[in-house]
1. Kindly establish whether residue 7 is more than 16 Å from ligand 1 (Cβ to nearest atom) and within 28 Å of residue 107 (Cβ to Cβ).
2. Do you know which residues across the range 10-47 are under 17 Å from the mean Cα position of the chain (by Cα) and away from ligand 1 (no atom under 11 Å from the Cβ)?
3. Could you grab me the full set of residues in the range 92-144 that are farther than 26 Å from residue 75 by Cα, under 21 Å from the mean Cα position of the chain (by Cα) and part of a loop (DSSP other than H, G, I, E, B)?
4. Is there a residue in the range 14-24 that is within 14 Å of ligand 2 (Cβ to nearest atom) and without any contact (Cβ under 8 Å) to a residue 60 or more places away in the chain?
5. I'd like to check something: does the range 159-174 contain any residue that is away from ligand 2 (no atom under 16 Å from the Cβ), buried (at least 22 other Cβ atoms within 10 Å of the Cβ), under 16 Å from residue 48 (Cβ atoms) and within 14 Å of the chain's Cα centre (by Cα)?
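Bear in mind these aren't lab numbers, they're just calculated from the coordinates by the rules spelled out. Just so we're clear, the structure is a prediction, and the values are computed from it rather than from any experiment. Cβ placement follows ideal geometry from the backbone for every residue including glycine, while neighbour counts extend to all protein chains displayed.
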Ligand SMILES: Nc1ncnc2c1ncn2[C@@H]1O[C@H](COP(=O)(O)OP(=O)(O)OP(=O)(O)O)[C@@H](O)[C@H]1O
Ligand SMILES: [Mg+2]
């Protein structure tokens, strides 16, 4: 087994005095997709935000390929190769699709940027057709593609996806699953939060369940052979 790309140990995160993560520990291996499951408010988004630096952990360790990133500001963590597509997508609605995409590659040179932009348009032909359109005029699914495309513009080693299927049609969920399959085949590692269990189990290699700020369950998706009932009970009951 290769060393994990991301190693989280005894992570504590709280807002004010309210503890949310209380000693969460887990690994993400290179090239895999790990899905975080858990009830609403169980701390899934908080976990991703702690990894990308949007919130600062109270204690514990977040190691990316041997580098301690806990406590670093978001731009430094981004520079180490971690990009997040947040639950709210955080796009600039009045900017064009192309300008939103370009913002993801601010750190990279013009030539590399142009190459990556054509790569994104090859992945998402719908965005190429709409590249001059204001982002707010796109459908929800198209906006999610812009958000994913923008994160990919930075060529991340680790991509964090917070509920990529949120509010989208089953057809779009399948498209997301295909995007994830392709990224995995290209060696991108993914840490995803997903409430849609069909997508979660279709796209992920492994899953973990968060409850009361700790990891209470987890396993290999293929080994479950489609038997998800016990997991569902563990998440929601
Ligand atoms: N910035 C914040 N300030 C105060 N409390 C917060 C903040 N962000 C999140 N919380 C609280 O922390 C808890 C965990 O929130 P989080 O967003 O991590 O949950 P989640 O598992 O992603 O839920 P959901 O499935 O609804 O997206 C919630 O009770 C939430 O109200
Ligand atoms: Mg959330």
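1. Yes.
2. 26, 27, 28, 29, 30, 31, 32, 33, 34, 35
3. Matches in the range 92-144: 124, 139.
4. Yes: one or more hits.
5. yes
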